[in-house]
1. Would you kindly derive the ³J(HN,Hα) couplings of region B:39-51 from the backbone phi angles with the Karplus curve 6.51 cos²θ - 1.76 cosθ + 1.60 (θ = phi - 60°), listing them in order in whole Hz, with x for Gly and Pro?
2. For a distance above 24 Å, tell me the whole-number percent of Cα pairs in chain B that qualify.
3. In nm², what is the average projected area of the convex hull enclosing the Cα atoms of region A:8-54?
4. Aspartates and glutamates near residue A:92 by alpha-carbon distance under 20 Å, same-chain residues fewer than 8 away left out - which ones?
5. Using only the alpha-carbon atoms of chain A as identical scatterers, what base-10 log of I(q)/I(0) does the Debye formula give at q = 0.20, 0.23 Å⁻¹?
6. For the protein assembly as shown, what value does the Rg/Rh ratio take when both radii are computed over Cα atoms and Rh is the Kirkwood radius, given to two decimals?
7. To the nearest 10 degrees, how steep is helix A:8-40 against the longest Cα principal axis of chain A, on a 0 to 90 scale?
8. Take every Cα pair under 8 Å in chain B that's 6+ residues apart, average their separations, divide by the length, and report that relative contact order as a whole percent.
Amino acid sequence: MLFRYRGSEGMVAWAFHRISAIGIWLFVMLHVLDIYLAGGNPKVYDDLLKFYGSTPGRILEVLLGAALLYHALNGIRILIMDFWPRMTLYHKQIWYVNWAIFIIVGIPGAFIIMRPVFGI
Amino acid sequence: MALYSRSGRPRPQAGGFELFVWYYMRLSGVALFVLALTHFSLQHFLFDPANETSQWIFNQRWNSVFWRSFDWLMLMMVVTHAFLGIRTVTMDYVKGGWRTLALTVLYLVGVIIFVMGTSVVLSVQMPGGA
């Protein structure tokens, strides 16, 4: 289902939505566990935080932010088409608008997260 | 309403729990658009993860009834949205007895994650509180 290409942007939009969903779900579980740790054993949490602040940690945070932003924007696209069916005619156009917003918001966002790595 | 969808899952025609889930995913999705994106922007753009130690969480970030309520509301939305979403994914790929097993484990993990998050946001002492 996920790997059989059925053509067109609609299929790719759907696959990305599902892949980003699984990634965010995994992080949500990790994130609740780490915050639970902050309450129970603050020292272990602070050690884990050192990873979150490191270069590999920041690269993963950029990926998480990208998954979150894509999922949020494509979610709005789904809502528009579900509750205003005529807009389904423009499903490709809405997807391209999503990518424009994704780049406009995402590039500065990634820059802010990666800034400490480059010392700026 | 078309049975075929170019976007999300087509709206279930039979009603009942599946229709409830269909609407719930969309409503909680709108809530999370605001809650999760605000949370991510706060933690990564306004503040920096390198400085977000447990002491910072207790003394600054969670020293506020508003932000604890915000975070708990987000927890409620994100756990239900994420686990109901993974439920749909599971039902797409897993059939028969394995599906029952997979969904049982999924629901159990969902409840445990929700209880863990709730207990920490409620139980950590508030320095500025009573």
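The values are calculated or read from the model by the stated rules, or taken from the named source; none is laboratory data. Just so it is clear, the structure is predicted and the values come from calculations on it, not from any experiment. Methodologically, a virtual Cβ is constructed for each residue, glycine included, from the backbone with ideal geometry; neighbour enumeration extends over all protein chains shown. Accessible surface areas use protein heavy atoms only, side chains included; no ligands, DNA or RNA. Shrake-Rupley method; radii C 1.70, N 1.55, O 1.52, S 1.80 Å.
1. Karplus-based 3J(HN,Hα) across region B:39-51 equals 4, 5, 5, 4, 6, 10, 9, 6, 10, 10, x, 4, 9 Hz.
2. Roughly 44 percent, rounded to a whole number.
3. Values: hull surface 15.8 nm².
Dividing the Cα hull surface by four gives the mean projection, 3.9 nm².
4. Partners within reach: A:9, A:82.
5. For chain A, the Cα-only Debye profile gives -1.12, -1.29.
6. Numbers: Rg = 19.4 Å, Rh = 19.7 Å.
Rg divided by Rh gives 0.98.
7. The answer is roughly 20 degrees.
8. Numbers: 70 pairs, mean separation 36.9, N = 130.
Contact order relative to length: 28 percent.
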